[in-house]
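Engineer: Just passing along the structure, written as structure tokens.
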Amino acid sequence: STIAQRLYEILGVKFYPRIRSGSGGGGEGLRYRYSTLCQLLPAARQRYRSKAREKLDPAHDELIETGFLADVRWEEAEERDWLLHYLPGPRVREELRRFQVPGPEEVPLLEAGAPASEADAGAEPDPYEQEGLVARILEVTGDEHSRTFYAQLARRALSEPKLYDLLERCLAEVKYEAHQGRIRNKGAAFVDKLKRACKERGIDLGLKSS
């Protein structure tokens, strides 16, 4: 489903650089505020937890069934907002082994936001997180020639929530259109979409593609 696909994209880029290949333990995971997720998906925010679960749990069940997630736990945060605790499933570790991305020795429980708010803007990105985002872009575009450009782009996007969201949306569009056979050069299509989206929103990329 659309929501499951979007959750896969949002969570994947956070899980990817932080979980060591083959590691176990129940302390891994990500926490998102429900209100933050509604902005990232995007999805209409619900007033009641039962309605919120009615909208999101079918997508959670899809991702659990595919092995991407092991479990999703809803936790109280404040009135009409909740914390969703996402635990990675075996599929995440299998993808990490395939890409051979190293992780830190200790895997913390993160309260994520991708970045979660404008307050995170300008912060120095985690190098593992940056490499994970680059790997995700390359997975979609297959454009290894532009790795240097993608690294610059990932570094900036991880410090700017609005740019990050546009990047994820453009990746999703390219993946879908390529699946439909509507584009051939996925790298060029991604960069073109991102530049146009940034121009429409007054965001100056200030980057030169290779």
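The numbers here are math on the coordinates, done by the rules we state, and not lab data. None of the values given here were measured: they were computed from a predicted structure. Positions of Cβ are backbone-derived with ideal geometry, glycine not excepted, and every protein chain shown enters the neighbour counts.
Engineer: Mind listing the long-range amide H neighbours of GLY29? Cut-off is under 5 Å, sequence gap 5 or more, other chains count too, H placed in the peptide plane at 1.01 Å from N.
Structural biologist: HN-HN under 5 Å from GLY29: LEU110.
Engineer: Which FRET efficiency value, to the nearest 0.05, is calculated for ALA77 and GLN180 with the Förster distance at 35 angstrom and r the Cβ-Cβ distance?
Structural biologist: Result of the calculation: an efficiency of 0.35.
Engineer: Okay, moving on. Order 162-174, 51-63 from most to least packed using the mean count of other Cβ atoms within 10 Å.
Structural biologist: 162-174, 51-63
Engineer: Each residue of the range 81-94 in turn: what ³J(HN,Hα) in whole Hz from Karplus with 6.51, -1.76, 1.60 and θ = phi - 60°, glycine and Pro shown as x?
Structural biologist: So the Karplus estimates, Gly and Pro as x, are 8, 9, 9, 9, 9, 9, 9, x, x, x, 5, 4, 5, 5 Hz.
Engineer: How charged is the neighbourhood of LEU37? Take every other residue with its Cβ under 10 Å from the Cβ of LEU37, and add Lys/Arg as +1 and Asp/Glu as -1.
Structural biologist: It works out to a net charge of +3.
Engineer: As an exercise, use a Förster radius of 22 Å and the Cβ-Cβ distance of ALA188 and LEU41 to find the FRET efficiency, rounded to the nearest 0.05.
Structural biologist: Step by step, r from the Cβ atoms, then E = 0.20.
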